[in-house]
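What follows is a single structure, written as structure tokens, with notes after it.
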Amino acid sequence: MEPKKVRPAQDLVRVGGDVSRVTLPALLDLAVDAMFVDFRKLLEEAGITDVRPTHGCVFRFVHGDGMRLTDLAALAGLTKQSLGEIVDDLARLGYLERYPDPTDKRAKLIRLTPKGQEAQRIGFALFAQLEQDWADAFGPDRIAALRSLLEEVALAKAPTAVPELAHPDRAPEPAPIP
């Protein structure tokens, strides 16, 4: 009997032709998707209903007195144009503001408004809660080992994409709780 043909889309998730083994990128995507489904639900329950997944790249990196669009785009791995649209959207929603860079009158800095700081604080707290939920469900040692391995991989393979790991002294801090 000839083996069942797998559609081309399914070929992407097979490991070595074994249909019972999903590729690592597919597994990572599934895990991330699962966490974000729970995150969005908790975010809505917290009353934040207008933040979209694409806004996360701003909330992850912007802190303190703000930063330039070019620096934020580099950290987020996006073009200035793409990130500019996200920043415009968040500014329109009241989460961000642009203001003159005191060191260069031609440039603008992007910083969180009080509403943005509160959303960032809530978001970071929700991710910490979800990580704890996973530790409760799958074992704290296993989640700690997963985190450690992923940090190691990120530092080795994409050090500029994770400034909070490469330079812990420059890690974005969540906005203080009022």
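Answer yes or no as to whether ASP141 is loosely packed, with under 12 Cβ neighbours inside 10 Å and either modelled with pLDDT of 95 or more or touching a strand residue (DSSP E or B) at 6+ places or on another chain (Cβ under 8 Å) (or both).
Against the criterion (loosely packed, with under 12 Cβ neighbours inside 10 Å and either modelled with pLDDT of 95 or more or touching a strand residue (DSSP E or B) at 6+ places or on another chain (Cβ under 8 Å) (or both)), ASP141 qualifies.
Just to check your reading of the model, which residue among LYS108, LYS80 is touching a residue at least 12 places away in the same chain (Cβ under 8 Å) and either among the aliphatic types (A, V, I, L, M) or on the phi < 0 side of the Ramachandran plot (or both)?
Details: LYS80 fails: touching a residue at least 12 places away in the same chain (Cβ under 8 Å).
Answer to the check: LYS108.
Can you tell me which condition GLY47 does not meet? The list is (1) surrounded by fewer than 14 Cβ atoms within 10 Å (Cβ to Cβ); (2) over 17 Å from the mean Cα position of the chain (by Cα); (3) assigned to a helix (DSSP H, G or I), and all the others hold.
Going through the list (1) surrounded by fewer than 14 Cβ atoms within 10 Å (Cβ to Cβ); (2) over 17 Å from the mean Cα position of the chain (by Cα); (3) assigned to a helix (DSSP H, G or I), GLY47 breaks only (3).
What number goes with the only condition from (1) β-branched (Val, Ile, Thr); (2) under 20 Å from ILE48 (Cβ atoms); (3) touching a Phe, Trp or Tyr at 6+ places or on another chain (Cβ under 8 Å) that ILE86 does not pass?
ILE86 satisfies every listed condition except (3).
Which condition does ARG14 not pass, out of (1) charged (D, E, K, R); (2) exposed (fewer than 15 other Cβ atoms within 10 Å of the Cβ); (3) modelled with pLDDT under 90, if it passes all the others?
(2)
For a quick check of your reading of the model, give me the residue pairs whose first member lies in segment 121-144 and is farther than 13 Å from LEU42 by Cβ, whose second is modelled with pLDDT of 95 or more and among the charged types (D, E, K, R), with beta-carbon atoms closer than 7 Å and at least 6 apart or on different chains.
ILE143/GLU131
From the list VAL87, VAL62, exactly one residue is within 14 Å of the chain's Cα centre (by Cα) and within 17 Å of GLN117 (Cα to Cα). Which is it?
Step by step, each of VAL87, VAL62 is checked, and only VAL62 is within 14 Å of the chain's Cα centre (by Cα) and within 17 Å of GLN117 (Cα to Cα).
The values are calculated or read from the model by the stated rules, or taken from the named source; none is laboratory data. Source: prediction; values computed, not measured. Reconstructed Cβ throughout: ideal geometry from the backbone, glycine too, with neighbour counts over all protein chains shown.
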